[in-house]
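These notes are about the structure you will find just below.
The values are calculated or read from the model by the stated rules, or taken from the named source; none is laboratory data. Model, not experiment: these values are computed from the prediction. Cβ placement follows ideal geometry from the backbone for every residue including glycine, while neighbour counts extend to all protein chains displayed. Ligands, DNA and RNA are excluded from the accessible area calculation, which covers all protein heavy atoms including side chains. Shrake-Rupley method; radii C 1.70, N 1.55, O 1.52, S 1.80 Å.
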Amino acid sequence: MVTSKLARNINCTNFSEISKNAVYEAKRSLLNWLGVAIGAANHESMDKVLNVSKLMESSPQATILGRKEKADMLFAALLNGMSSHIYDFDDTLLETVLHPSSPVFPAVLAYSEFKNKTGKEVLEAFIIGCEVQSRLALSVYPSHYWRGWHITGSVGGIGAAAAMGKLLELDEEKTSFAIGIAATDPTGLREMFGTMTKPYHPGKAAMNGMLAAFIAGEGFTSSKKALEAERGFISVLSEESKLELLTDNWGDNWEIEKNSYKPFASGIVTHPAIDGIITIQKSQNLKADDIAEITITGHPLVKELTGKTIFSTGLEGKFSVYHCVAAGFLNLKAGVNEFTDEFVNKPDVKALRSKINLTIDKNIKEDQAKLTVKLTDGRELNHFVEHAIGSKDLPMTDEQLIEKFKDVTGNIINGESKNRLIDLIYRFEELEDLDIFFNLCKPVEAAGRI
């Protein structure tokens, strides 16, 4: 049985068996994830969910990153999963457009803070949880995604359950129960893209996975064939039949080693076009009035995921390749500030968007794009992006990730905290006590002596 074999793999895998490169990439994932989670800590959607946590008189068990408040472990997982996806600036496994960190790290860290786990235990659980959700994503992609499921939410809860099962030291049977409980609770419709509910998906997945592992630990039962059964997760939620991907060659390689990181705060499929227009603009220094027309030629997913032409909010702008290219042209970047409500409604931004067209070419890969810029003086500029920055073939360097972390966390935490967190993360497996880590994640006015 596939679910039971997967549970056995989870149960038998130890930190010493994980490759050094996988551990290194897990630490890079933590740095990237932590930065974007802290950076969005004060978003209005966070306030709304935190108000519910207070209404429920949530116990102060775990840190809400970038905020002075704490919440119980479940609400902390929900809130930290949300904040890490609000800016759409988190990591991506490009084969399935899965964001691997946002459903798993929130659950793992909330529990590890409350139960005084070590840095090594955190990394071990995260890598295993990431492996489970990534293999599951591969086994149901692409039909699962095209049906309308937000894959980060739908498989992320199972990844979080697997990671939590490892931390809780569940036996094989209870781990299979945890997988089954999480599998019956998939989260996330793509209809919600561009609203507050999209980042809710990975947060709810983290919460669901944590709860599944907790109640499985109490002996709460589920099907031991939750993934492979005729009416199980894969058959019900996809048209694929790739069960072997869940367990074959376990431990030979780790999916986290394929992780990629976003230089731009928008859907990953917009990145080649943003990269291309920035390259052109840096070499030409054009003005918006110089532009007669910009044509983007991209992968079919560009239109499917980011084809919005009419919108009024920054969240919606993240799903408009037209806006993303306009932002890249005007500001030479597409970061947090380029996706505010104010920026997407600026007259000059809207005027430039109206000059941008999109065509689809099935032969173009997801990390590629062609930009054709026609100028009012009759000239035509062309640029082809072979691999967008941040893709697995042109990854962000440690230096770029560190700069992104410092930038996206803004004034929420101070410079000393940023530098110390960076140092701690790159030697995370050495940490026997995570108290200082969580203290450094608090805003300036709430942090203790550091």
Notebook entry, point to check: Residues in the stretch 347-357: is at least one buried (at least 17 other Cβ atoms within 10 Å of the Cβ) and within 30 Å of LEU65 (Cβ to Cβ)?
Noted result: no
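Mind checking which residues of the stretch 340-374 are of a type in the set (A, V, I, L, M) and in a loop (DSSP other than H, G, I, E, B)?
Listed by number, the list holds a single entry, ILE364.
Has the stretch 169-186 got any residue that is more than 17 Å from THR3 (Cβ to Cβ) and either charged (D, E, K, R) or open to solvent by less than 50 Å² (accessible area, probe 1.4 Å) (or both)?
Yes, the conditions are met somewhere in the stretch 169-186.
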Notebook entry, point to check: How many residues are without any contact (Cβ under 8 Å) to a residue 40 or more places away in the chain and surrounded by fewer than 24 Cβ atoms within 10 Å (Cβ to Cβ) when one looks only at the stretch 319-334?
Noted result: 1
Checklist line | ASP377, sole failed condition from (1) assigned to a helix (DSSP H, G or I); (2) modelled with pLDDT of 95 or more; (3) of a type in the set (Asp, Glu) | finding: (1)
Next item on the list: Could you identify the single residue in ARG190, ARG147 that is surrounded by fewer than 24 Cβ atoms within 10 Å (Cβ to Cβ) and under 23 Å from VAL36 (Cβ atoms)?
Entry: ARG190
Notebook entry, point to check: What number of residues in the stretch 97-124 are under 18 Å from HIS201 (Cβ atoms) and of a type outside the set (Val, Ile, Thr)?
Noted result: 10
Item checked: Residue that is farthest from the chain's Cα centre (by Cα) [pool: residues in the stretch 296-353 that are more than 25 Å from LEU381 (Cα to Cα) and of a type in the set (A, V, I, L, M)] -> ILE310
Next item on the list: Quick one: LYS318 ticks every box in (1) in contact with an Asp or Glu (Cβ under 7 Å, 6 or more places away or on another chain); (2) among the charged types (D, E, K, R); (3) modelled with pLDDT of 95 or more except a single one, so which number is it?
Entry: (3)
Check: Which of (1) open to solvent by 90 Å² or more (accessible area, probe 1.4 Å); (2) touching a residue at least 24 places away in the same chain (Cβ under 8 Å); (3) outside any loop (DSSP other than H, G, I, E, B) is the odd one out, the single condition ASN337 does not satisfy?
Finding: (2)
Notebook entry, point to check: What pairs come up if the first residue lies in the stretch 385-399 and is at positive phi and in a loop (DSSP other than H, G, I, E, B), the second is open to solvent by less than 60 Å² (accessible area, probe 1.4 Å) and at pLDDT below 90, and their beta carbons are under 9 Å apart, counting only those six or more places apart or on different chains?
Noted result: GLY390/ILE268; GLY390/ASP367
Check: For the stretch 420-435, how many residues meet the condition of being open to solvent by 60 Å² or more (accessible area, probe 1.4 Å) and assigned to a helix (DSSP H, G or I)?
Finding: 4
Item checked: Per-region count, the stretch 375-428, residues polar (S, T, N, Q) and closer than 20 Å to TYR87 by Cα -> 4
Notebook entry, point to check: If only one of GLY153, GLY119, GLY159 is surrounded by fewer than 24 Cβ atoms within 10 Å (Cβ to Cβ) and either aliphatic (A, V, I, L, M) or in contact (Cβ under 8 Å) with a residue 40 or more places away in the chain (or both), which one is it?
Noted result: GLY119
Next item on the list: Please go through the stretch 358-371 and pick out each residue that is surrounded by fewer than 13 Cβ atoms within 10 Å (Cβ to Cβ) and either hydrophobic (A, V, I, L, M, F, W, C) or free of Cβ contacts under 8 Å to residues at least 24 places away in the same chain (or both).
Entry: ASN363
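Taking the criterion of being in a helix (DSSP H, G or I) and surrounded by fewer than 24 Cβ atoms within 10 Å (Cβ to Cβ), would at least one residue in the stretch 125-133 satisfy it?
Within the stretch 125-133 (the criterion being in a helix (DSSP H, G or I) and surrounded by fewer than 24 Cβ atoms within 10 Å (Cβ to Cβ)), the answer is no, since none of the residues qualifies.
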Checklist line | Condition check for MET207: surrounded by fewer than 20 Cβ atoms within 10 Å (Cβ to Cβ) and under 16 Å from the mean Cα position of the chain (by Cα) | finding: no
